[in-house]
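The values are calculated or read from the model by the stated rules, or taken from the named source; none is laboratory data. If you're wondering where the values come from, they're calculated on a predicted model, not measured in any experiment. Positions of Cβ are generated from backbone atoms using ideal geometry, with glycine treated the same way; all protein chains shown enter the neighbour counts. When the accessible area is computed, the model is the full protein with side chains, heavy atoms only, and any ligands, DNA or RNA have been set aside. Shrake-Rupley method; radii C 1.70, N 1.55, O 1.52, S 1.80 Å.
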Amino acid sequence: MSPTQSSPQSPPPQSPTRMTIMRAKKWFPWLVLLSGCLVLSLNLGVRQSLGLFIPDMLNDTGWNAATFGLAFAIQNLMWGISAPIAGAIADRFGTTRTLIGGGIVYALGLYLMGTSASPGELYLTAGFLIGTGVGITSFPVVLAAISRVFSNEKRSFALGLASAGGSVGQLVMAPTTQALNSSLGYVSALVILAAISMLIIPAAFAMTGKAEGNSPTATPDLGPQGLAAAFHEARKHRGFALLNAGFFVCGFHIAVIATHLPTFTELCGLPRSVAAEGLALIGLFNIVGTLTAGWAGGKWRKKYGLSFIYGMRALVIVIFIFAPKTSETILLFSASMGALWLSTVPLTSGLIAQVFGPRYMATLFGIVMLSHQIGAFFGAWMGGIVYDLTGNFDAVWWASVALGVFAAIVHMPIDDRELRATAKA
């Protein structure tokens, strides 16, 4: 080789510190995902089990079902109101601080719920405080943090895994809550649940990052500058309005079942343990449903997946209405609805990120979540009112069927193309 020829240079060896940093970056998204699963499992596992306390509290307090229905309706509404606000705060100031504040509010509401001495106190604790805490620590904030650290190819499946994390919490917490309530009473059981919910705080420290481009976990800026511009962009998109309409139905369905299934089970003359087993089955099959939806959302168009899920919900409820009300029927219904329970979440959130980009997903999904919780408000409240007026839940079940058909239809015309790619075309 002549002196003028340069030999190929091998890359300089990487230092141990640099290799450690690279490994940390590789595994960081999975740490965020694991922490997000824990937060959602605590958030939803505790929240979805609170209906198990209603029969005992009805007997001890003498309040009617509409009182508890309104308390849980306020809870769902506050969940919806606080979710977009929390999303905007997380987008601006970071996920960790937001989740810590929400975890404290959630635990406080649980602690005080059991000591409520009047309907007004129940509305404040079970309604306002728990609802606010659940909203701050729920899907918009958590899923947005996860979306920012996963590529578009892996995002849908990651969101499905995170949504399944909430189902694991329900699978564990429903029988745990029933056992605590049976052995200790609802006051002590709620104190223990408050302590368990505080585990959200240590999990929050892994959920770093915010929407600004200088965040270590943020994706490149692919969207509008500022929250107001992001909201204005979404508001003009017809598909965003249709997603809000569909998620309203999702909230209605979930609130009716989570709030009133224990009372409905007792109305059918079945043991209380059947309701706890039913809620646990919802959590178990929800894992399958959300993982399947997350996987399918990465292969097929998400809007058609959402239409299928809502149509199947309507069909399952129709079959349940005409079926004999035995323990086996309740459990089979719970398993079927569990497979369709939160499977809407990875598809809905993934569709928002797909169309508008992940930068302001916490805020935009928070707005859609508000629509979900308005639906939940009417589901929880309407269930209590209908039961007090008629002594059954028939009208609520048929309303759920009609809304399921409506939701199956409204998702079909959504334009699911990436917004900026559409604008360039």
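Among rounded, prolate and oblate, which fits segment 295-425 when a ≥ b ≥ c are the square roots of the eigenvalues of its C-alpha gyration tensor, a/c under 1.5 means rounded, and a/b larger than b/c means prolate?
On the way: a/c = 2.67, a/b = 1.93, b/c = 1.38.
It is prolate, given that a/c is not under 1.5 and a/b is the larger ratio.
Taking the Cα atoms only, what angle lies between the long axis of helix 186-197 and the longest principal axis of the chain, rounded to 10 degrees?
0 degrees
In segment 313-363, what is the volume of the convex hull around the alpha carbon atoms, normalised per residue and reported in Å³?
On the way: hull volume 4.2 nm³, N = 51.
Hull volume over Cα atoms, normalised by residue count, gives 83 Å³.
Mind giving me the FRET efficiency for LYS299 and HIS237? R0 is 25 Å, r the Cβ-Cβ distance, nearest 0.05 is fine.
Working: r = 24 Å, r/R0 = 0.96.
The calculated FRET efficiency here is 0.55.
If you split all Cα-Cα distances of segment 28-176 into 5 Å bins from zero, what percentages do you get per bin, shortest first?
2, 10, 18, 20, 19, 13, 8, 5, 3, 1, 0
Just to make sure I understand: if all protein chains stay in place, what is the order of TRP295, TRP397, TRP63 by accessible area at 1.4 Å, largest first?
TRP295, TRP63, TRP397
Calculated FRET efficiency, PHE205 and ILE319, Cβ-Cβ r, R0 35 Å, to nearest 0.05?
Working from the Cβ atoms, E equals 0.15.
Between SER118 and ASP394, take the C-beta separation as r, use R0 = 25 Å, and let me know the FRET efficiency to the nearest 0.05. It would help to have the intermediate numbers written out before the result.
Numbers: r = 31 Å, r/R0 = 1.25.
Once the sixth-power term is evaluated, E becomes 0.20.
In degrees from 0 to 90, rounded to the nearest 10, what is the angle of the helix 272-297 Cα long axis to the longest principal axis of the chain?
Between helix and principal axis, roughly 30 degrees.
Whole number in Å², please: accessible area per residue of segment 86-126, 1.4 Å probe, ligands, DNA and RNA not counted.
I get 39 Å² per residue for segment 86-126.
Sort 359-367, 51-59, 137-145 by the packing proxy (mean of other Cβ within 10 Å over each peptide's residues), most packed first.
Result, highest mean first: 137-145, 359-367, 51-59.
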